[in-house]
């Protein structure tokens with residue numbers, strides 16, 4: 001872990017953002033880890049990836065993407081935190097009751113798993129979320145994704161008791177259940 005640096009992406013890094021996302025979507029657990037398929041993401045034009053990096057690379061926006069970067073510059077993991085405002089509705093159509101961070105797009109390359117990369121990514125993402133004034137940080141994880149659930153517990157998240165059914169049209173996950181994990185401020 002000493003040769004890993006966790007940092008926010010820069011607004012011009014759309015190519016590595018795209019490459020790492022496409023790699024993540026080919027992971028063996030991608031079908032239960034992401035609400036997007038490789039085919040859909042690969043078909044997106046470069047302008048989409050430009051926009052994604054521009055939005056997630058801005059320090060003062062409502063979304064921030066972090067990467068774990070090896071000494072050779074290779075990106076070995078990523079996490080993105082979205083700010084959800086109280087009174088809004090989330091991606092699943094559920095009301096958002098308080099200002100919170102929502103972690104999405106979690107991925108660590110297989111050869112870097114189990115050495116603390118995910119914890120370092122979460123620490124950076126959660127610290128950013130606290131810095132922009134959220135009350136808690138949450139994420140949703142598929143009920144069958146036990147490896148991810150274990151990693152999230154290690155990173156200080158706990159099940160809240162809330163479950164969210166995945167809606168129609170979300171890849172092969174329609175009708176499946178996501179479990180909310182939270183990390184409270186303080």
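The values are calculated or read from the model by the stated rules, or taken from the named source; none is laboratory data. The model shown is predicted, which means the values in this text are computed figures rather than measured ones. Note that each Cβ is placed from the backbone with ideal geometry, even for glycine, and that neighbours are counted across all protein chains shown.
In table form, for the structure just shown:
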quantity: Hits in segment 152-170 - residues which are surrounded by 20 or more Cβ atoms within 10 Å (Cβ to Cβ) and either modelled with pLDDT of 95 or more or outside any loop (DSSP other than H, G, I, E, B) (or both); calculated: 152, 157
quantity: Residue tally, condition crowded, with 17+ Cβ neighbours inside 10 Å and either without any contact (Cβ under 8 Å) to a residue 12 or more places away in the chain or under 15 Å from the mean Cα position of the chain (by Cα) (or both), over segment 12-30; calculated: 6
quantity: Any hit, segment 129-137, residues being assigned to a helix (DSSP H, G or I), crowded, with 19+ Cβ neighbours inside 10 Å and touching a residue at least 24 places away in the same chain (Cβ under 8 Å); calculated: yes
quantity: Residue in segment 38-61 that is under 15 Å from the mean Cα position of the chain (by Cα), in a strand (DSSP E or B), touching a residue at least 40 places away in the same chain (Cβ under 8 Å) and within 24 Å of residue 130 (Cα to Cα) present; calculated: no
quantity: Selection status of residue 67, in contact (Cβ under 8 Å) with a residue 40 or more places away in the chain, closer than 22 Å to residue 123 by Cα and part of a helix (DSSP H, G or I); calculated: no
quantity: In segment 41-69, residue surrounded by the fewest Cβ atoms within 10 Å (Cβ to Cβ) [restricted to those that are at pLDDT below 95 and farther than 16 Å from residue 14 by Cβ]; calculated: 60
quantity: Which listed residue is at pLDDT below 95, touching a strand residue (DSSP E or B) at 6+ places or on another chain (Cβ under 9 Å) and crowded, with 16+ Cβ neighbours inside 10 Å, from 9, 4; calculated: 4
quantity: Of residues in segment 138-150 being assigned to a helix (DSSP H, G or I) and in contact with a strand residue (DSSP E or B) (Cβ under 8 Å, 6 or more places away or on another chain), the one farthest from residue 20 (Cα to Cα); calculated: 149
quantity: Residue that is farthest from the chain's Cα centre (by Cα), among those in segment 76-128 that are part of a strand (DSSP E or B) and exposed (fewer than 15 other Cβ atoms within 10 Å of the Cβ); calculated: 95
